[in-house]
Amino acid sequence: MSSVDVRTVTESEFPDWLRALRTGFLVPPVVPDGEVERRLPHVDLGRTLGAFEAGRCVATFRSFAQELTAVGGAPVAASGVSQVTVTPTHRRRGLLGRMMAVELAAAKERGEAVSTLIAAEYPIYGRYGFGPAASLTEWTVDVRRAGLDPRWSGPEDGGRIDLIDAPEFRKIGPDLHDQVRAVRHGMVSRSELSWQARTGAIPQPDGQPFTEPFYAVYRSPSGEVEGYAAYSCDDHWDDGKQPMNTATVRDLVALTAAAERALWRFVCSVDWVTLVKSGYRAPDDLLPLLLPNPRAAQVTTYADFLWVRVLDVVRALESRTYGTSGSLVLELRDAAGFAGGRYRLDASPEGAACAPTSASADLTMDIAELGTLYLGDESAVRLAALGRVAEDTPGAAARADLLLRTSRRPWCPDVF
C-alpha cells in the first residue's frame with residue numbers, strides 16, 4: 001500500500017473524506033447538500049486523518065480533545081478517537097494501523113495522558129494498546145410488573161420534578177453534567193456542539209429532523225437542580241384500545257441518590273407508559289433495585305463500551321485515587337513504544353506517586369491490560385487466570401485489586 005498516502009485532511013478534501021466516512025459506515029455515499037457546511041466549522045482538520053489513493057479518500061480517522069474522569073474525580077486529558085473507517089476495497093491492508101500510529105504519536109506529543117474510543121467491533125483495538133475499561137447495560141422495565149404504587153405523585157423527600165423546555169435545559173444541563181462527571185469516574189466531557197445537537201439548536205448529525213424529548217428536572221427541597229432526565233415516548237395502543245407506550249430515556253444524570261431515585265420513579269410513573277427503556281447505564285445502576293419487583297427490569301444489552309489506551313503511565317496513575325495503601329511494580333509491554341517500561345506505584349488514600357524503576361516487577365502485562373484495569377472495573381486476579389497478566393510476585397494480583405478496584409463501576413453514557 002505504498003501508493004496510499006496517510007495525512008491530515010485539507011478543507012478542499014473534506015467533502016471526499018465525508019463520502020469515505022459514509023461509505024465505511026454503510027450509509028449512502030452521497031454527501032447531502034449542506035452537510036459539509038454544517039460539519040466543517042466543528043472539525044479540527046489538524047486532528048482529521050485520511051488515507052488517499054490516486055486522489056481519492058479510502059479511509060477516515062478523527063480525534064478531538066476530551067476529558068476523562070479518573071477514579072476520584074480528577075479530569076484526565078484524553079484524545080477521543082472517532083469516525084474511524086476503511087473503505088471495503090482497502091480492508092486488511094494496514095491503513096488503520098498507519099492512521100492510529102500517527103494519531104497516538106500526536107496525542108503523546110500534545111500531552112494527552114490517555115486515548116479513548118467506543119469500539120464498534122471488539123477484536124480491532126487491542127492490537128493498538130486499547131483495553132475495554134467500562135461496560136454498559138440497558139434495561140427494559142415492564143412497569144405493569146414493577147410493583148410501583150400508581151398513586152405516587154412526586155418525590156418523598158420534599159423535592160419536586162418539573163418539566164422544562166429545550167432552551168432552559170440548555171442553560172442548566174451542561175453545568176449539572178459537569179458536576180456529575182466530577183464525581184463519577186468513566187464519564188467524559190461534552191462539547192458545546194454536543195449540547196446544541198442534543199437540544200435541537202443545530203441540525204442533527206444524521207441530517208434527520210430533531211424531535212424534542214421531554215426534559216424532567218429534579219429540584220431538591222432547597223430548590224437546587226440535582227438531576228435531569230430526557231426521555232421520548234412512542235404512541236402505541238393495542239387492539240383493546242389500551243395504551244402500550246414505551247418511554248425511552250435518552251439521558252439521565254443525577255448528582256444525588258435522591259435525585260436519581262426520584263427521576264427513575266417519575267419516568268416509570270408516566271400515564272400510558274407500560275415499558276421504559278433505560279438507555280446506556282452502568283452495570284451496577286440503581287434502577288433495577290429501585291423497583292419493588294426488580295425482575296420487572298430485564299437486561300436487553302450488556303457489552304463493553306469505553307476503551308482506554310494509556311499513553312503516559314505516570315500521569316494516568318497519579319491522577320486517580322486509591323482506597324487503600326500499597327505499592328506495586330508494573331512491567332508494561334508496549335509494542336508501539338509510547339508507554340512501555342517498569343514503573344513503581346506507591347499509593348494511599350492521601351495520594352499516589354508513580355515513577356520508572358529498576359526494582360523487580362510484581363506484575364507484567366501489555367499496556368492494553370493497564371487500560372482495562374485503569375478505571376477499577378476489572379480484576380487483576382481474573383486477568384492473571386486468563387493469562388493476560390503475569391504474576392511475578394505471589395499475591396501481587398490480589399494486592400492490585402485492593403488498590404485499583406472501585407466500589408462503584410465506571411460509567412460512560414456517551415457515544416462519540
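The values are calculated or read from the model by the stated rules, or taken from the named source; none is laboratory data. This is a predicted model, so every value here is computed, not measured. Every residue, glycine as well, gets a Cβ built from its backbone with ideal geometry; the counts of neighbours run over all protein chains shown. In case anyone asks, the SASA skips ligands and DNA or RNA and just uses the protein heavy atoms, side chains included. Shrake-Rupley method; radii C 1.70, N 1.55, O 1.52, S 1.80 Å.
Some values worked out for this structure:
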{"read-out": "Pairs with Cβ under 6 Å, 6+ apart, first in the stretch 373-392 and farther than 14 Å from residue 320 by Cβ, second open to solvent by 80 Å² or more (accessible area, probe 1.4 Å)", "value": "384/391"}
{"read-out": "Pairs with Cβ under 7 Å, 6+ apart, first in the stretch 297-308 and of a type in the set (D, E, K, R), second assigned to a strand (DSSP E or B)", "value": "304/132; 304/135"}
{"read-out": "Search result, residues across the stretch 28-70 that are of a type in the set (Gly, Ala, Ser) and either surrounded by fewer than 17 Cβ atoms within 10 Å (Cβ to Cβ) or modelled with pLDDT under 95 (or both)", "value": "34, 46, 54, 55, 65"}
{"read-out": "From 388, 405, 399, residue being open to solvent by 20 Å² or more (accessible area, probe 1.4 Å) and closer than 30 Å to residue 278 by Cα", "value": "405"}
{"read-out": "Residues of the stretch 160-203 satisfying the condition of being closer than 27 Å to residue 245 by Cα, modelled with pLDDT of 95 or more, open to solvent by less than 70 Å² (accessible area, probe 1.4 Å) and not in a helix (DSSP H, G or I)", "value": "161, 162, 164"}
{"read-out": "Pick from the stretch 233-262, criterion of a type in the set (Ser, Thr, Tyr) and open to solvent by less than 50 Å² (accessible area, probe 1.4 Å), ranking: nearest to the chain's Cα centre (by Cα)", "value": "256"}
{"read-out": "Selection within the stretch 204-232 - open to solvent by less than 60 Å² (accessible area, probe 1.4 Å), out of contact with any strand residue (DSSP E or B) (no Cβ under 8 Å at 6 or more places or on another chain) and either at pLDDT 95 or above or charged (D, E, K, R) (or both)", "value": "223"}
{"read-out": "Within the stretch 138-154, considering residues that are of a type outside the set (D, E, K, R) and touching a strand residue (DSSP E or B) at 6+ places or on another chain (Cβ under 7 Å), the one modelled with the lowest pLDDT", "value": "154"}
{"read-out": "Qualifying residue in the stretch 102-112 (condition: more than 24 Å from residue 414 (Cβ to Cβ), buried (at least 22 other Cβ atoms within 10 Å of the Cβ) and in contact with a strand residue (DSSP E or B) (Cβ under 6 Å, 6 or more places away or on another chain))", "value": "no"}
{"read-out": "Filtered residue count, the stretch 10-51, keeping only those that are within 20 Å of residue 416 (Cα to Cα) and part of a loop (DSSP other than H, G, I, E, B)", "value": "5"}
{"read-out": "Hits in the stretch 118-132 - residues which are over 15 Å from the mean Cα position of the chain (by Cα) and either buried (at least 19 other Cβ atoms within 10 Å of the Cβ) or outside any loop (DSSP other than H, G, I, E, B) (or both)", "value": "125, 126, 127, 128, 129"}
{"read-out": "The one condition in (1) within 15 Å of residue 375 (Cβ to Cβ); (2) open to solvent by 10 Å² or more (accessible area, probe 1.4 Å); (3) part of a strand (DSSP E or B) that residue 73 fails to fulfil", "value": "(3)"}
{"read-out": "Verdict on residue 102 being of a type in the set (Val, Ile, Thr), modelled with pLDDT of 95 or more and part of a helix (DSSP H, G or I)", "value": "yes"}
{"read-out": "Inter-residue pairs, beta-carbon under 6 Å, first surrounded by 12 or more Cβ atoms within 10 Å (Cβ to Cβ) and in the stretch 334-363, second among the hydroxyl-bearing types (Ser, Thr, Tyr) and part of a strand (DSSP E or B), 6+ apart", "value": "346/327; 354/343"}
